[in-house]
1. Which loop GluC sites (Glu not before Pro) in the stretch 1-82, with loop taken from DSSP, have no more than 11 other Cβ atoms within 10 angstrom of their Cβ?
2. Using each residue's phi in the stretch 19-34, evaluate 6.51 cos²θ - 1.76 cosθ + 1.60 at θ = phi - 60° and report the 3J(HN,Hα) Karplus result to the nearest Hz, with x for Gly and Pro.
3. For the stretch 1-53, what is the accessible area per residue in Å² when the probe is 1.4 Å?
4. Leaving out ligands, DNA and RNA, and with a 1.4 Å probe, what % of the accessible surface on the chain is carbon or sulfur?
5. Mind sorting out which of (1) 56, 26, 21; (2) 53, 42, 30; (3) 48, 32, 30 is the real Cα extents along the principal axes in Å computed from the coordinates?
6. How about the stretch 42-100: which trypsin sites (Lys or Arg not before Pro) there are in a DSSP loop, with at most 13 other Cβ atoms within 10 Å of their Cβ?
7. Let me cross-check Trp33: its accessible surface, 1.4 Å probe, with only protein heavy atoms counted, in Å² to the nearest 10?
8. Need the list of lysines near Lys13 for cross-linking: C-alpha distance under 23 angstrom, and skip anything on the same chain fewer than eight residues off.
Amino acid sequence: MKTSAEGVALIKKFEGCKLEAYQCSADVWTIGWGTTKGVQEGDTCTQDEADAFLENDLFEFEKEIHKHVNVPLKQNEFDALVSWVYNLGGSNLRESTLLIRINDGTDSSRSDIPYQIRRWNRAGGKVLDGLVRRREAEALLWQGKDWTVV
């Protein structure tokens, strides 16, 4: 499974695109649509390069989900999870209660997943409004609801 256009739209909405490296709220050097790998202060890129970085990042994060999620996902669920991992990284998925709930597959665990998605709303120990909105959008997308209202 690959990220759909809707999943990419969610990521782009919350990441934004900057062609000059900047430090995100977690003080990590970032460029383009949220790319962090190998980014250093002073780096720049073109829009085409930013779009290529996004494609490469999506491929890597999709691989993480395929590797660690052991139950079938609907497209909207996969897209929500890709956005979550894109923002937080694969190591956070591997160590999360979210992954445990997803892989459990029971109705009670599945009903807890939106809550688990929403829990990850901090950077640098502080709750950030942008992360609250992003997690809400991801939780809504997971549930197959309209996330664009966030």
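The values are calculated or read from the model by the stated rules, or taken from the named source; none is laboratory data. Source: prediction; values computed, not measured. When we count neighbours, we look across all protein chains shown, and the Cβ atoms used for this are built from the backbone with ideal geometry, even at glycine. SASA here: full protein model, heavy atoms, side chains in, ligands and nucleic acids out. Shrake-Rupley method; radii C 1.70, N 1.55, O 1.52, S 1.80 Å.
1. Counting only loop positions with at most 11 other Cβ atoms within 10 Å, the GluC sites (Glu not before Pro) in the stretch 1-82 are Glu41.
2. Working through the residues one at a time gives 8, 10, 4, 9, 8, 6, 5, 9, 6, 9, 5, 9, 8, x, 8, x Hz.
3. That works out to 59 Å² per residue.
4. That fraction is 48 percent.
5. Comparing each candidate, only (3) matches the computed number.
6. Of the trypsin sites (Lys or Arg not before Pro), the ones in loops of the stretch 42-100 whose Cβ has at most 13 other Cβ atoms within 10 Å are Lys74.
7. 40
8. Within the straight-line cut-off, Lys13 pairs with Lys2, Lys37, Lys63, Lys74, Lys126, Lys145.
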